[in-house]
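See below for the structure under consideration.
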Amino acid sequence: GEDIGPHCEVAGHAYLPSPCGIPKCVWDVKCSAGVGVEYRGNVNSVKEAGQKVACQSWNSNYPHHHSDFHPTSKNKEVYGLGKHNYCRNPDPEVTTKGPWCYTTSSWVRWDYCDVPQCTADIPYFEH
């Protein structure tokens, strides 16, 4: 076959050349595909009564204790959890709307994050 070198290919779509030969994939960084399991962007807040509320760090149990979603080796690799408070979806069978987080609000344990859904209007990659 033809040797095209480093490139980005998503769901069988052809790659587009970039000035350095490697396009930057942006799906699951600028938007969430599917239920958001692979989302690795940096949205880290939710809206509560119209106000922005920061997400709780995944490695923290304050203000909300949680035992299943700490940044273990598996959760880091599969779900992108870590010592950060970025929105993720480590529970795709239950939370099927997309990335979410535990909040820093004592009144709201968790909520979905405002991460745009990946659509045909958002390119797979950019230069």
(Q) Can you tell me how many residues within region 1-37 are assigned to a strand (DSSP E or B), modelled with pLDDT of 85 or more and of a type in the set (A, V, I, L, M, F, W, C)? (A) 1
**Q.** residue 121 being of a type in the set (Asp, Glu) and surrounded by 12 or more Cβ atoms within 10 Å (Cβ to Cβ)
**A.** no
Q | Residue selected from region 91-105 under the condition modelled with pLDDT under 95 and under 29 Å from residue 50 (Cβ atoms), by the criterion surrounded by the fewest Cβ atoms within 10 Å (Cβ to Cβ) | A | 94
Q) Would you call residue 46 surrounded by fewer than 18 Cβ atoms within 10 Å (Cβ to Cβ), aliphatic (A, V, I, L, M) and either assigned to a helix (DSSP H, G or I) or modelled with pLDDT of 95 or more (or both)? A) no
Q: Among the residues of region 62-86, write down those that are open to solvent by less than 40 Å² (accessible area, probe 1.4 Å), in a loop (DSSP other than H, G, I, E, B) and either closer than 12 Å to residue 37 by Cβ or of a type in the set (Phe, Trp, Tyr) (or both).
A: 69, 80, 81
Q. Which condition number does residue 40 fail, the rest of (1) charged (D, E, K, R); (2) closer than 21 Å to residue 118 by Cβ; (3) at pLDDT 95 or above being met?
A. (3)
**Q.** Qualifying residue in region 69-80 (condition: closer than 18 Å to residue 47 by Cα and of a type in the set (Asp, Glu))
**A.** no
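The values are calculated or read from the model by the stated rules, or taken from the named source; none is laboratory data. Not measured: the values here are computed from a predicted model. Every residue, glycine among them, receives a Cβ derived from its backbone with ideal geometry; neighbour counts consider all protein chains shown. Surface areas here come from the heavy atoms of the whole protein model, side chains and all, with no ligands, DNA or RNA. Shrake-Rupley method; radii C 1.70, N 1.55, O 1.52, S 1.80 Å.
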